[in-house]
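The values are calculated or read from the model by the stated rules, or taken from the named source; none is laboratory data. Model, not experiment: these values are computed from the prediction. With ideal geometry, Cβ positions are generated from the backbone for all residues, glycine too; neighbour counts draw on all protein chains shown.
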Amino acid sequence: MKLASFHHRDALRFGVVRNDGIADLSERPGAPPGLRELLARGDEGMAWLRAALDGAPRVALSDVRLAAPVPAPRKFLGLGGNYASHLAEAARVGLVRAPGQVWFNKQVSCVAGPFDEVHRPHVSGQFDYEGELGVVIGRRCRHVRAEDAMAMVAGYVVVNDLSVRDWQMRAPTHTLGKSFDTHGPFGPWLVTHDEIADPHALRLRTWVNGELRQNGSTAQMIHRIEAMLVELSTAFTLEPGDVLATGSPAGVGGLMDPPRYLVPGDVVRVEIEGIGHIENRVIEEPEA
């Protein structure tokens with residue numbers, strides 16, 4: 001299934017995408033407030049969803065504005081340097097990643113919708129893109145074993161891990177440069193795990209103004225999703241709706257020669273096989 005959050009008639013709603021429409025579940029009897037709360041109900045929540053689909057009102061996709069599938073995740077984490085091709089292009093400019101998994105926080109206030117405008121900040125001209133597969137956690141879990149890890153996954157989204165490079169390099173945590181407002185668009189919907197036969201075999205591409213910049217496959221990830229969940233859950237509890245951005249292949253603008261950073265008017269499209277695409281236009285950061 002494709003689970004979506006969307007704006008319609010001045011309200012944020014959720015439902016299931018079918019063909020060119022959405023079955024709106026927001027006002028069905030027993031409905032949770034949103035998709036994060038639905039995921040938190042576990043198997044009971046999915047059983048409610050299937051029952052609620054019968055007789056649910058339909059709304060055309062063309063009549064809604066899609067939001068991030070989980071508009072308010074409790075955690076939004078990113079894995080740096082998870083593709084050998086990206087590590088190689090970084091090494092050309094002297095950037096060397098430490099061995100093992102290197103995680104950073106994207107503050108959840110950076111979340112944006114899959115087709116929202118995104119802001120180039122006033123304080124930097126080093127605004128860059130990174131197309132990535134996003135994993136959405138479906139079950140509260142701690143100390144996950146590798147053989148159980150995929151059962152903790154609710155599904156998958158497309159992420160653009162937008163980055164302000166000079167602010168990213170201010171500290172090893174990268175948090176500031178990864179967390180500017182609007183710099184975490186993802187969607188266009190959450191494709192449930194049963195719809196993706198192998199999340200480690202998906203083509204991932206990023207275009208800027210129609211020019212193909214990134215062209216990779218999740219098969220090239222150094223650390224698989226199972227290893228990610230083992231690593232993270234050893235340190236802290238993962239919760240339903242948490243979003244994990246799993247790394248980006250080569251082709252980011254900041255590592256081109258010369259660098260090609262995003263400017264207002266640019267349109268960035270990230271597409272992942274089996275999930276869909278997100279597309280965001282860059283605008284100048286509005287005045288406070």
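Of all residues in the stretch 171-196, those satisfying the criterion of being in contact (Cβ under 8 Å) with a residue 40 or more places away in the chain and in a loop (DSSP other than H, G, I, E, B) are Thr173, His174, Ser179, Phe180, Asp181, Thr182, His183, Ile196. Filtering the stretch 124-138 to residues that are within 28 Å of Pro258 (Cα to Cα) and not in a loop (DSSP other than H, G, I, E, B) leaves Phe127, Asp128, Gly131, Glu132, Leu133.
Checking each residue in the stretch 96-123 for being in a loop (DSSP other than H, G, I, E, B) and surrounded by 13 or more Cβ atoms within 10 Å (Cβ to Cβ) picks out Arg97, Gln101, Lys106, Gln107, Gly113, Pro114, Phe115, Asp116, Glu117, Pro121. Pairing each residue of the stretch 50-73 that is touching a residue at least 24 places away in the same chain (Cβ under 8 Å) with any residue that is of a type in the set (Asp, Glu), provided the two are 6+ apart or on different chains, yields C-beta distances under 7 Å for Ala56/Asp24; Pro57/Asp24; Val59/Asp24; Ala60/Asp20; Leu61/Asp20; Pro73/Asp242.
Evaluated against (1) in contact with a Phe, Trp or Tyr (Cβ under 8 Å, 6 or more places away or on another chain); (2) more than 27 Å from Gln220 (Cα to Cα), Arg170 falls short on exactly one condition, (1). Only a single criterion out of (1) farther than 30 Å from Asp43 by Cα; (2) in contact (Cβ under 8 Å) with a residue 40 or more places away in the chain; (3) assigned to a loop (DSSP other than H, G, I, E, B) is not satisfied by Gln214, namely (3). Could you grab me the full set of residues in the stretch 36-60 that are in a helix (DSSP H, G or I) and touching a Leu at 6+ places or on another chain (Cβ under 7 Å)? Within the stretch 36-60, Leu38, Gly45, Leu49, Ala52 qualify.
Taking the stretch 1-24 as the range and being under 26 Å from Ala197 (Cα atoms), of a type in the set (A, V, I, L, M) and in a strand (DSSP E or B) as the test, the residues that pass are Leu3, Ala4, Val16, Val17, Ile22, Ala23.
If I filter the stretch 73-125 down to residues being in contact with a Lys or Arg (Cβ under 7 Å, 6 or more places away or on another chain) and among the charged types (D, E, K, R), which single residue comes out as farthest from Glu284 (Cα to Cα)? In this case the residue turns out to be Lys106. Of all the criteria given as (1) modelled with pLDDT under 95; (2) crowded, with 20+ Cβ neighbours inside 10 Å; (3) assigned to a loop (DSSP other than H, G, I, E, B), the one not satisfied by His86 is (3).
Just the residues that are over 21 Å from Arg165 (Cβ atoms) and among the acidic types (Asp, Glu), please, taken from the stretch 257-282. Hits for the stretch 257-282 are Glu271, Glu273, Glu279.
For Tyr129, the criteria (1) surrounded by 20 or more Cβ atoms within 10 Å (Cβ to Cβ); (2) within 17 Å of Ser5 (Cβ to Cβ); (3) not polar (S, T, N, Q) hold in every case but one, which is (2).
Every condition in (1) in contact with a Phe, Trp or Tyr (Cβ under 8 Å, 6 or more places away or on another chain); (2) at pLDDT below 95 is met by Gly78 except one, and the failing one is (2). When His223 is tested against the conditions (1) assigned to a strand (DSSP E or B); (2) in contact (Cβ under 8 Å) with a residue 40 or more places away in the chain, the lone failure is (1). Restricting attention to the stretch 209-224 and to residues that are under 11 Å from Gly247 (Cβ atoms) and among the hydrophobic types (A, V, I, L, M, F, W, C), the residue that is surrounded by the most Cβ atoms within 10 Å (Cβ to Cβ) turns out to be Met221. As for the stretch 27-35, it holds at least one residue that is at pLDDT 95 or above, within 30 Å of Ser163 (Cβ to Cβ) and either assigned by TED's automatic domain parsing to the domain that holds Gly247 or assigned to a helix (DSSP H, G or I) (or both).
Rundown of residues vs (1) outside the structural domain of Leu162 (by TED's automatic domain parsing); (2) closer than 14 Å to Glu130 by Cα; (3) out of contact with any strand residue (DSSP E or B) (no Cβ under 9 Å at 6 or more places or on another chain); (4) modelled with pLDDT under 95, yes/no style:
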{"site": "Arg205", "(1), (2), (3), (4)": "no, yes, no, no"}
{"site": "Arg224", "(1), (2), (3), (4)": "no, no, yes, no"}
{"site": "Thr237", "(1), (2), (3), (4)": "no, no, no, no"}
{"site": "Asp242", "(1), (2), (3), (4)": "no, no, no, no"}
{"site": "Gly274", "(1), (2), (3), (4)": "no, no, no, no"}
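Every listed requirement among (1) basic (Lys, Arg); (2) in contact with a Pro (Cβ under 9 Å, 6 or more places away or on another chain); (3) crowded, with 24+ Cβ neighbours inside 10 Å is met by Lys178 save one, (2).
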